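To start, the structure under review is shown below, and the notes come after it.
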Amino acid sequence: MIKKWWHDKVAYQIYPKSFCDSNGDGIGDIPGIISKLDYLQDLGVDIIWLSPCYSSPLADQGYDISDYYNIDPRFGTMEDMEHLIAEAKKRNMYILMDLVVNHCSNEHEWFKKACADPDGKYGNFFYLRDKDGDKLPTNWRSYFGGSVWEDLPGTNKQYLHLFHKKQPDLNWENPEVREEIYKNINWWLEKGLGGFRIDAIINIKKALPFRDYTPDREDGLCSLDNMLKDAVGVGDFLSEMRDRTFKKYDAFSVGEVFNEKPEDIPVFIGEDGYFSSMFDFSAEVCGKSGKGWYDAKPVTPDEYKNCRFDAQARIGDTGFLSNIIENHDEPRGVNRYISDEDRSDQSKKMLAALSFMMRGIPFIYQGQELGMENLEFTSIEQVDDIATLDEYQVALDAGLSPEEALKAVAKFSRDNARTPMQWDNTEHAGFTTGTPWLNVNPNYTRINAATQQNDADSVLRFYKKLIALRKNEEYKNTIVYGSLEPVWRDRHNLMAYYRKGDKTLLVIGNYQKEEQTVGLPAPYKNVLLNNYDDLKETDNAIKLYGYQVLILEL
Ligand code: NOJ
């Protein structure tokens, strides 16, 4: 395998709106991010992915871009962005921006021009269809609910939006659209970006000609999965994009890819793949239901283990997954993958180590390193996220009472991860001197960076140790390039694996509150990490405490 600069890195996702507010308007901004670069460097972060901070009406919090060449004034200026790239560089860090090119905003000038002249050049930047009375061009359900078709203002046409109606899909079949996109990517790479996280990228290829599929809910619409399964040829777009942009700059690219087929893996992330890496969403999708969030099942420890191991096995050494516990679209991992009764610093550290030590590039989502938790919603009025509001309606339509619907969707709300970063125990968690745009989690007095920096047993200090171990010259090669082999896979509530390279490491997590004993396959030489102060040994066996995690060198 050809070694690449990103293989041994540690990445960190920033959700700019909620990270650090420098000017007291209640919204995080780029100067705020710059002020926290030392914190990130001290943690050991190398790559920073910024969720979108381009000009945007923020209908989907920046994933609706109205100008790809500008920074939204709420987040700062282009000078701030250039300053951030330069300050990161000084610290040997790389900045990734979010590449959101399946769709733009309906406030983008392309869309405005399409409305003004749907038969002209910009009409062909989108998917437009003539209106035919009440009949929709297709019966596809948008990811955010309702039909994917919306009237094109001032015309007798409709436009396609797989996401929100304020996010019209760009017509990738049109070479002029692709040229515009590549020009923009290169413009940013020229500014010194390390690369991009690539949003919703599999959606760029539509199954043409458009057709209906069997409806799967009372609304008469069907999931977009049907269309995506039928869409052939996304690789032509992706390879062209790679060759025209990332490749020339040796840029890192990580794709938001769901439902990939086994044959996709080598072409997506193998040598000379379309992307440098793609996220492992196997645990994220586990237990989800086609009916909606209200019907999702909790993920058990054994399911968690199996889906992560299966994902690792699918990839093998073909390429590198990007490993996550959570991101801005998900609830906090410590709520999703640990039961309410068992959530503690020990169980949070166990989850961290089990995920972090897998083969791939670890991504930490802001606040994950503190063990930040979901917010308790007491009313739907507290919800900002459009996906949650839609899923709430889906739950009501399925017959749940308002209380049940709130409880069901609160578990998955994207707002859980979007609450302001908890920096210290002063007002608003030190995130802003103004009024935060979204409620701060009241647990900030207990869970915050300042307190944890000073506590050698904190979750934050444990993350620092994990990162330091990944960078330790002695173990680095094994942790980055070594193989992953599950051990005792059938043992209930136990997740354990080898990392084998020039060293042999054994990672063992007791995924339950009760103790359990494991016999070691070989004596260990060193305990590289332990989330407890001690280790209970009984002749070649270890009696693990509840949620104990160990990284042993054999
Ligand atoms: C995936 C992004 O992560 C999510 O936040 C967004 O709503 C959709 N793509 C649409 O851009």
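The values are calculated or read from the model by the stated rules, or taken from the named source; none is laboratory data. Computed from a prediction, not measured in an experiment: that's the story for all the values here. Heads up, the Cβs are rebuilt from the backbone with ideal geometry, glycines too, and the neighbour counts pull from every protein chain shown.
Results, tabulated for the structure shown:
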item: Checking HIS103 against (1) free of Cβ contacts under 8 Å to residues at least 40 places away in the same chain; (2) within 16 Å of the ligand (Cβ to nearest atom), the condition it does not meet; result: (1)
item: Residues (among the hydrophobic types (A, V, I, L, M, F, W, C) and either under 27 Å from VAL459 (Cβ atoms) or in contact with a His (Cβ under 8 Å, 6 or more places away or on another chain) (or both)) located in region 1-29; result: TRP6, VAL10, ALA11, ILE14, PHE19, CYS20, ILE27
item: Filtered residues of region 30-87 (kept if assigned to a helix (DSSP H, G or I) and at positive phi); result: none
item: Answer residue from region 200-233, given it is over 26 Å from ASP130 (Cβ atoms) and more than 16 Å from the ligand (Cβ to nearest atom) and is nearest to the chain's Cα centre (by Cα) among those; result: LYS229
item: Criterion (in contact with a strand residue (DSSP E or B) (Cβ under 9 Å, 6 or more places away or on another chain) and either within 14 Å of the ligand (Cβ to nearest atom) or among the β-branched types (Val, Ile, Thr) (or both)) met by exactly one of ILE65, ILE34; result: ILE65
item: Single match in GLY120, GLY145, GLY133 (criterion: under 32 Å from the mean Cα position of the chain (by Cα) and farther than 25 Å from ASN70 by Cα); result: GLY145
item: Residue count, region 122-154 (criterion: small (Gly, Ala, Ser) and more than 16 Å from the ligand (Cβ to nearest atom)); result: 4
item: Test result for ASP25, acidic (Asp, Glu), part of a loop (DSSP other than H, G, I, E, B), more than 16 Å from the ligand (Cβ to nearest atom) and not assigned by TED's automatic domain parsing to the domain that holds THR426; result: no
item: Some residue of region 155-177 being within 16 Å of the ligand (Cβ to nearest atom), out of contact with any Pro (no Cβ under 8 Å at 6 or more places or on another chain) and β-branched (Val, Ile, Thr); result: no
item: Given (1) within 16 Å of the ligand (Cβ to nearest atom); (2) part of a loop (DSSP other than H, G, I, E, B), index of the condition ARG197 fails; result: (2)
item: Residue in region 82-96 that is within 16 Å of the ligand (Cβ to nearest atom) and buried (at least 18 other Cβ atoms within 10 Å of the Cβ) present; result: yes
